[in-house]
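Asks: Below is the structure I would like to discuss, written out as structure tokens.
The values are calculated or read from the model by the stated rules, or taken from the named source; none is laboratory data. All values derive from a computational prediction rather than experimental measurement. Cβ placement follows ideal geometry from the backbone for every residue including glycine, while neighbour counts extend to all protein chains displayed.
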Ligand code: SF4
């Protein structure tokens, strides 16, 4: 078991889901792949399919349209899977909180289908790449306890 | 019998380790090309280890047998071909007749299995990927075989007998000159390198799994151990194809002296890094562009090389 969690910690594959972000958070997520931050040093890569993912990086407010899709996406990932809620929007819908097109918050949306989901929050509008790396490190620490 | 099983296991496991190390070389060189640091050397091993520990999901719309069996058969086919190829390279005189033909067939199986698995996953992205993979296979297989034929013609004995035995192919090349030493040989090797790129599914020929366009295409529904098997198959294929090209075109491994091993390693690594460099300096092509490229450009080149080689062999002109 210890070997498995060690391997999981060393090789987190990220699937990036935009649930109605203003695109600023997404740009910051892509920043992680650039030479300055180079997250592949820790074995993290962006993957194209949720089936391959170990981390679901969610940005955006989770609109009514996006809500069922986000739930479906979470159910499609192979567990164990960590959800990273990135940006003020993903935390508590930020400045859009009372708008007409809001679904539920990202964490509530995901807890609705899996009460035991592992959800990490990265505050900021948008969060700095350093903050996201910090969240990734915390996720890695957390996976040690699995 | 026991020896055979041992050879098979050693070849398969050795190639797997080599292939995963080469995956790291690929990722590291890519990272350096992009001014990044890149992953540590054990990263591909960790990836495989992690995937074996993950949950195995099967979509409700999938046909279970084909979906789960395809990666296993693909991996098995590649493992058998590793045994044949390494055996032929290390002990040329003990290889069997026509092993080259068996090898060409076996190396086609992973692509067929990819299609089967994708088609039985019931996912529309995978269906698109499978159709592209099929077209890709139809495109590169013909020039590839033609290029290998060039090497066979160039290494025909003085009495004009063609050999389909890898061992003889290498023995003749080591006794006289490598098949690549001549105009037709160079053309054939260039064609074969591009076909290898397509067979390995590397950019610019990775449209079957285009990850930002059709979400990893043929592999979209695979997770956990099945995905690990697919990655292992691809890593082993990545170690095998350069080896095949070195054996067929570039006089293989000369075991008679210490520098034989050195030159072999040099040739092999050159081809491996070439794949990575092509992959890093080209954008992905559309499938119709690829088919046009292979059929209308590379196939005529391969045919021309074959004609040159035949003329050269008939007239005894070695540089043709
Ligand atoms: S948190 Fe800020 S930057 Fe990120 S999506 Fe919301 S509004 Fe845009």
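Asks: Look at residue B:252 and say whether it is farther than 20 Å from residue B:139 by Cβ and exposed (fewer than 13 other Cβ atoms within 10 Å of the Cβ).
Replies: For residue B:252, the condition - farther than 20 Å from residue B:139 by Cβ and exposed (fewer than 13 other Cβ atoms within 10 Å of the Cβ) - is not met.
Asks: Would you mind stating whether residue A:81 is within 16 Å of the ligand (Cβ to nearest atom) and either touching a residue at least 60 places away in the same chain (Cβ under 8 Å) or closer than 20 Å to residue A:5 by Cα (or both)? Reasoning before the result, please.
Replies: Numbers: within 16 Å of the ligand (Cβ to nearest atom): no; either touching a residue at least 60 places away in the same chain (Cβ under 8 Å) or closer than 20 Å to residue A:5 by Cα (or both): yes.
When the stated conditions are applied, residue A:81 does not pass them.
Asks: In the range A:95-102, is there at least one residue being away from chain B (no Cβ under 14 Å) and surrounded by 21 or more Cβ atoms within 10 Å (Cβ to Cβ)?
Replies: No: zero hits.
Asks: In the range B:12-33, what residues are touching a residue at least 12 places away in the same chain (Cβ under 8 Å) and within 8 Å of another protein chain (Cβ to nearest Cβ)?
Replies: The answer is B:27, and nothing else.
Asks: Please enumerate the residues belonging to the range A:17-74 that are in a strand (DSSP E or B), more than 25 Å from residue B:41 (Cα to Cα) and within 14 Å of another protein chain (Cβ to nearest Cβ).
Replies: Start the filter on the range A:17-74 by keeping residues that are in a strand (DSSP E or B), which leaves A:17-18, A:45-46, A:55-59, A:63.
In the following step, the residues that additionally are more than 25 Å from residue B:41 (Cα to Cα) were identified as A:17-18, A:56-59, A:63.
Listed by number, the residues that qualify are A:17, A:18, A:56.
Asks: Moving on. Considering each of A:106, A:113 in turn, give the residue that is touching a helix residue (DSSP H, G or I) at 6+ places or on another chain (Cβ under 7 Å), more than 16 Å from the ligand (Cβ to nearest atom), more than 14 Å from chain B (Cβ to nearest Cβ) and at pLDDT 85 or above.
Replies: Answer to the selection: A:113.
Asks: May I ask you to list the residues in the range B:191-220 that are away from chain A (no Cβ under 14 Å) and without any contact (Cβ under 8 Å) to a residue 60 or more places away in the chain?
Replies: Passing the criteria: only B:192.
Asks: Then there's this: Here are some residues: B:186, B:102, B:172. Which one is in a helix (DSSP H, G or I), within 16 Å of the chain's Cα centre (by Cα) and without any contact (Cβ under 8 Å) to a residue 40 or more places away in the chain? Walk me through it before giving the result.
Replies: On the way: B:186 fails: within 16 Å of the chain's Cα centre (by Cα); B:172 fails: within 16 Å of the chain's Cα centre (by Cα).
Residue meeting the stated conditions: B:102.
Asks: Among the residues of the range B:224-249, write down those that are surrounded by 24 or more Cβ atoms within 10 Å (Cβ to Cβ) and at the interface with chain A (Cβ under 8 Å from one of its Cβ atoms).
Replies: Residue satisfying the conditions is B:227 alone.
Asks: For the range A:132-145, check the following and say yes or no: at least one residue is closer than 27 Å to residue B:211 by Cα, in contact with a helix residue (DSSP H, G or I) (Cβ under 9 Å, 6 or more places away or on another chain), surrounded by fewer than 22 Cβ atoms within 10 Å (Cβ to Cβ) and without any contact (Cβ under 8 Å) to a residue 60 or more places away in the chain.
Replies: For the range A:132-145, residues closer than 27 Å to residue B:211 by Cα, in contact with a helix residue (DSSP H, G or I) (Cβ under 9 Å, 6 or more places away or on another chain), surrounded by fewer than 22 Cβ atoms within 10 Å (Cβ to Cβ) and without any contact (Cβ under 8 Å) to a residue 60 or more places away in the chain: present.
Asks: Pull up the range A:58-74, narrow it to residues that are within 14 Å of the chain's Cα centre (by Cα) and more than 12 Å from the ligand (Cβ to nearest atom), then point me to the one that is nearest to residue A:125 (Cα to Cα).
Replies: Here the answer is A:70.
Asks: Restricting to the range B:54-68, name every residue that is crowded, with 18+ Cβ neighbours inside 10 Å and facing chain A (nearest Cβ under 7 Å).
Replies: Within the range B:54-68, B:54, B:57 meet the criteria.
Asks: While we're on this one: Residue under question is residue A:19, and the condition is that it be crowded, with 19+ Cβ neighbours inside 10 Å, on the phi < 0 side of the Ramachandran plot and touching a helix residue (DSSP H, G or I) at 6+ places or on another chain (Cβ under 9 Å); does it hold?
Replies: yes
Asks: Quick one: would you say residue B:44 is within 14 Å of chain A (Cβ to nearest Cβ) and under 18 Å from the mean Cα position of the chain (by Cα)? Walk me through how you get there before you give the answer.
Replies: Details: within 14 Å of chain A (Cβ to nearest Cβ): yes; under 18 Å from the mean Cα position of the chain (by Cα): no.
Spelling it out, it is not the case that residue B:44 is within 14 Å of chain A (Cβ to nearest Cβ) and under 18 Å from the mean Cα position of the chain (by Cα).
Asks: Separate question: Name every residue in the range A:93-141 that is more than 22 Å from residue A:44 (Cα to Cα) and in a helix (DSSP H, G or I), in order of residue number.
Replies: The answer is A:94, A:95, A:96, A:106, A:107, A:108, A:109, A:110, A:111, A:112, A:113.
Asks: Let me ask something else about it. Are any of the residues in the range B:18-33 part of a helix (DSSP H, G or I) and either at pLDDT below 85 or at positive phi (or both)? Working first, answer last.
Replies: Filtering the range B:18-33 down to residues part of a helix (DSSP H, G or I) leaves B:18-33.
In the following step, the residues that additionally are either at pLDDT below 85 or at positive phi (or both) were identified as none.
Checking the range B:18-33: not a single residue is part of a helix (DSSP H, G or I) and either at pLDDT below 85 or at positive phi (or both).
Asks: Which condition breaks for residue B:163 when tested against (1) within 24 Å of residue B:99 (Cα to Cα); (2) in contact with a helix residue (DSSP H, G or I) (Cβ under 8 Å, 6 or more places away or on another chain); (3) crowded, with 18+ Cβ neighbours inside 10 Å?
Replies: Only one criterion is unmet by residue B:163, namely (3).
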